[in-house]
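S.K.: Dropping the structure in here first, questions after.
The values are calculated or read from the model by the stated rules, or taken from the named source; none is laboratory data. On a predicted model such as this, the values are computed, not experimentally measured, just so you know. Cβ coordinates were reconstructed from backbone atoms using ideal geometry, including for glycine residues, and neighbour counts include every protein chain displayed.
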Ligand SMILES: Cc1cc2nc3c(=O)[nH]c(=O)nc-3n(C[C@H](O)[C@H](O)[C@H](O)COP(=O)(O)OP(=O)(O)OC[C@H]3O[C@@H](n4cnc5c(N)ncnc54)[C@H](O)[C@@H]3O)c2cc1C
């Protein structure tokens, strides 16, 4: 095993961050690692308890698989059913290096595309394993009956996503997440019926309990009654999704939040690359300041849609009246090799640039066209309808426009967070016994995630990695019996109760939403698509002031011992107000540009992100030191042995 070195920067403290990356050649690492793992005898498995928080793709897959292995699993979700997890919203597809098209794909190519797409800020070992496991995921889901799209002859169909030149994205129309989640859900239900998994719906994790240095339990709030409950286990897994809602407006489900990972961070789990967030290029533009949600138009649309704006500023004609020679297909012109299929960070930045130049379209000039006229002409209306019908319908219902007749209008929006809790190769955080999977961990995507890779990662974590690494932890750790009468549970529960009572008793004037909206604007303006030293410092001055106002002037309607959505929101916003500060600290510290993290001070003469490998080739893992205290930065150095560092180019 290689131990990664720790370099302390801000504050001095002796510690070691061990990534547990096997030292074998990369193609053998995962197999050898699995072979060396300890196993738990089937008859002993039922004596061990595992808590899984989250029943989206990452959580449901892990709960179903570990339940099937025979462990006693408790699965928690604040939703009223696992089927409501945000994973259901995923539209476009899931990658796998099956090479069914025989177009040059391979495990190594998916690995390389992902490392390059993430702008060389991901761990090679994890990415290679992800590409390897991608093959098994498709087999697993097909066996479950997931209705992936098929070609006329019956074979599974594929399409392309950004940042790649092969077709490796498996899809179920524009509802891939829904179909995959139904597959995972039915596997989970089977285990619930078998009695190995107990499902706790409408239960929200509000804190993690550590006993003798190991994660051993949770404090949850039962949302319908407000009752606080303690739960103990041998292992805890967080599969609680991403934190894009720190921006208030995002493509994520309204309830998605950072509370689980943030509370674990406050208990000692290091937070990896918090500033790495993804702004997705194809979303329906904002139409009103009262809007509380943004809607994604799947990246799959870039397979056939052509992106353009008028060549001249201030164009007022309707799109269909603008002749070909007066249009600027700016992605096709600037990036001839990848065209409209450049990675998301590149597509988003270019859209912002043409809008900043005054060439944006739509009522507020914050939009570009995504045009299907050529595709309809080439493929026929019915083929386009078959491939993307539900997306056109979503667009029509929201904008009132028929995208078969006029081009869609799209604009970038917060969508995905590559940052999350730091985990080692076994997906364990820096708190022993606390594992983190899916979007909640700092993940395999570096500074920019390629499309259709999140579903792949969540399912790789849930179906294939945790079912090996969690048993290995159980088999190799002496776990003394712990139950909820342990003083650690009482003390954490008391802290949670005090926090909730404090929130309810403030009785100020502003709603949780009004604080959230203001925070979102600060983050979008100063820690969004472009980040500058001055802007980040401004945000870092403003966020603590807003947080102080929150704790002095918040108004929650209703009490804490009942169903209270205003309290639920306030609790989540209180965590966003702390996480936002860490995101800005991280963004300020990383004065290079990479992937979705675009520091205006660090760009190439053509305006592309300019990395600084000499100084920033590391994962930033931050340690919580208390509110108002500077966090400590730990660095996990990144080395690129198989995909040599190079300037990313999609030209
Ligand atoms: C609109 C949209 C479209 C997308 N399309 C694609 C796509 O086509 N392909 C792709 O690869 N990716 C796509 N993504 C990204 C992908 O959907 C997500 O990254 C992925 O589904 C996250 O899965 P997850 O299991 O990690 O988390 P989630 O699905 O968000 O599940 C989180 C679970 O945790 C629970 N939870 C959270 N906090 C708590 C708490 N404190 N207490 C109790 N329970 C808690 C929730 O109830 C839920 O069950 C898309 C994302 C969006 C927003």
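S.K.: Would you call residue 462 in a helix (DSSP H, G or I) and within 13 Å of the ligand (Cβ to nearest atom)?
M.R.: Considered against the rule, which asks whether it is in a helix (DSSP H, G or I) and within 13 Å of the ligand (Cβ to nearest atom), residue 462 comes out as yes.
S.K.: Here's another thing I want to ask about it. Of the residues that sit in region 245-280 and are assigned to a strand (DSSP E or B) and farther than 22 Å from residue 216 by Cβ, which one is farthest from the ligand (Cβ to nearest atom)?
M.R.: Initial filter on region 245-280 (assigned to a strand (DSSP E or B)): 271-272, 277-280.
When the remaining residues are screened for being farther than 22 Å from residue 216 by Cβ, the result is 272, 277-280.
On the way: 272: 15, 277: 12, 278: 9, 279: 12, 280: 8 Å.
Of everything passing the filter in region 245-280, 272 is farthest from the ligand (Cβ to nearest atom).
S.K.: Further, regarding this structure: Could you check region 413-434 and list, in sequence order, the residues that are part of a strand (DSSP E or B) and more than 13 Å from the ligand (Cβ to nearest atom)?
M.R.: 428, 434
S.K.: Considering only region 325-344, I want to know if a residue exists there that is within 16 Å of the ligand (Cβ to nearest atom) and under 20 Å from residue 244 (Cβ atoms). Steps first, please.
M.R.: Keep residues of region 325-344 that are within 16 Å of the ligand (Cβ to nearest atom), which gives 341, 343-344.
Filter once more, so that each one left must be under 20 Å from residue 244 (Cβ atoms): 343-344.
Yes, region 325-344 contains at least one residue that is within 16 Å of the ligand (Cβ to nearest atom) and under 20 Å from residue 244 (Cβ atoms).
S.K.: Looking only at region 435-459, count every residue that is away from the ligand (no atom under 11 Å from the Cβ) and either surrounded by fewer than 24 Cβ atoms within 10 Å (Cβ to Cβ) or assigned to a loop (DSSP other than H, G, I, E, B) (or both) and tell me the total.
M.R.: 5
S.K.: I've got another one for you. Does residue 225 fit the bill of being over 26 Å from the mean Cα position of the chain (by Cα), farther than 26 Å from residue 475 by Cβ, at pLDDT 95 or above and more than 14 Å from the ligand (Cβ to nearest atom)? Lay out the reasoning, then the answer.
M.R.: On the way: over 26 Å from the mean Cα position of the chain (by Cα): yes; farther than 26 Å from residue 475 by Cβ: yes; at pLDDT 95 or above: yes; more than 14 Å from the ligand (Cβ to nearest atom): yes.
For residue 225, the condition - over 26 Å from the mean Cα position of the chain (by Cα), farther than 26 Å from residue 475 by Cβ, at pLDDT 95 or above and more than 14 Å from the ligand (Cβ to nearest atom) - is met.
S.K.: Filter region 281-292 down to residues that are more than 9 Å from the ligand (Cβ to nearest atom) and touching a residue at least 12 places away in the same chain (Cβ under 8 Å) and give me whichever is farthest from the chain's Cα centre (by Cα).
M.R.: 287
S.K.: Additional query: Out of all the residues in region 189-209, which are away from the ligand (no atom under 11 Å from the Cβ) and either farther than 14 Å from residue 231 by Cα or surrounded by fewer than 20 Cβ atoms within 10 Å (Cβ to Cβ) (or both)? Talk me through it step by step, then tell me what you get.
M.R.: To start, the set of residues in region 189-209 that are away from the ligand (no atom under 11 Å from the Cβ) comprises 189-198, 209.
Within region 189-209, 189, 190, 191, 192, 193, 194, 195, 196, 197, 198 qualify.
S.K.: A further question on this structure: Filter region 293-324 for residues that are within 15 Å of the ligand (Cβ to nearest atom) and outside any strand (DSSP E or B) and give the result.
M.R.: Going through region 293-324, the residues within 15 Å of the ligand (Cβ to nearest atom) turn out to be 293-303.
Within region 293-324, 293, 294, 295, 297, 298, 299, 300, 301, 302, 303 qualify.
S.K.: Right, next: For region 372-391, does any single residue satisfy the condition of being loosely packed, with under 15 Cβ neighbours inside 10 Å, closer than 22 Å to residue 322 by Cα and in contact with a strand residue (DSSP E or B) (Cβ under 9 Å, 6 or more places away or on another chain)?
M.R.: Yes, some residue in region 372-391 is loosely packed, with under 15 Cβ neighbours inside 10 Å, closer than 22 Å to residue 322 by Cα and in contact with a strand residue (DSSP E or B) (Cβ under 9 Å, 6 or more places away or on another chain).
S.K.: If you go through region 285-314 one residue at a time, how many are more than 30 Å from residue 157 (Cβ to Cβ) and touching a strand residue (DSSP E or B) at 6+ places or on another chain (Cβ under 8 Å)?
M.R.: Summing the residues that are more than 30 Å from residue 157 (Cβ to Cβ) and touching a strand residue (DSSP E or B) at 6+ places or on another chain (Cβ under 8 Å) in region 285-314 gives 5.
S.K.: A further question follows. Residues 23, 106: which one is more than 16 Å from the ligand (Cβ to nearest atom) and touching a strand residue (DSSP E or B) at 6+ places or on another chain (Cβ under 6 Å)? I'd like the intermediate steps shown before the answer.
M.R.: Numbers: 106 fails: touching a strand residue (DSSP E or B) at 6+ places or on another chain (Cβ under 6 Å).
Testing whether each residue is more than 16 Å from the ligand (Cβ to nearest atom) and touching a strand residue (DSSP E or B) at 6+ places or on another chain (Cβ under 6 Å) leaves just 23.
S.K.: Could we say that residue 556 is touching a residue at least 40 places away in the same chain (Cβ under 8 Å) and either in a helix (DSSP H, G or I) or assigned by TED's automatic domain parsing to the domain that holds residue 355 (or both) here?
M.R.: no
S.K.: Would you tally the residues in region 62-95 being away from the ligand (no atom under 11 Å from the Cβ), in contact with a strand residue (DSSP E or B) (Cβ under 7 Å, 6 or more places away or on another chain) and outside any helix (DSSP H, G or I)?
M.R.: Final tally of qualifying residues: 4.
S.K.: Would you mind telling me which numbered condition in (1) surrounded by fewer than 22 Cβ atoms within 10 Å (Cβ to Cβ); (2) in contact with a helix residue (DSSP H, G or I) (Cβ under 9 Å, 6 or more places away or on another chain); (3) at pLDDT below 95 residue 647 fails?
M.R.: Going through (1) surrounded by fewer than 22 Cβ atoms within 10 Å (Cβ to Cβ); (2) in contact with a helix residue (DSSP H, G or I) (Cβ under 9 Å, 6 or more places away or on another chain); (3) at pLDDT below 95 one by one, residue 647 breaks only (2).
S.K.: Can you run down the residue pairs with Cβ atoms below 8 Å, 6 or more apart or on separate chains, where the first is in region 454-478 and over 30 Å from residue 178 (Cβ atoms) and the partner is modelled with pLDDT under 95?
M.R.: none
S.K.: State yes or no: is residue 232 surrounded by 21 or more Cβ atoms within 10 Å (Cβ to Cβ) and away from the ligand (no atom under 12 Å from the Cβ)?
M.R.: yes
S.K.: Please give the number of the condition residue 360 fails out of (1) over 30 Å from residue 213 (Cβ atoms); (2) surrounded by fewer than 20 Cβ atoms within 10 Å (Cβ to Cβ); (3) away from the ligand (no atom under 16 Å from the Cβ); (4) touching a residue at least 24 places away in the same chain (Cβ under 8 Å).
M.R.: (2)
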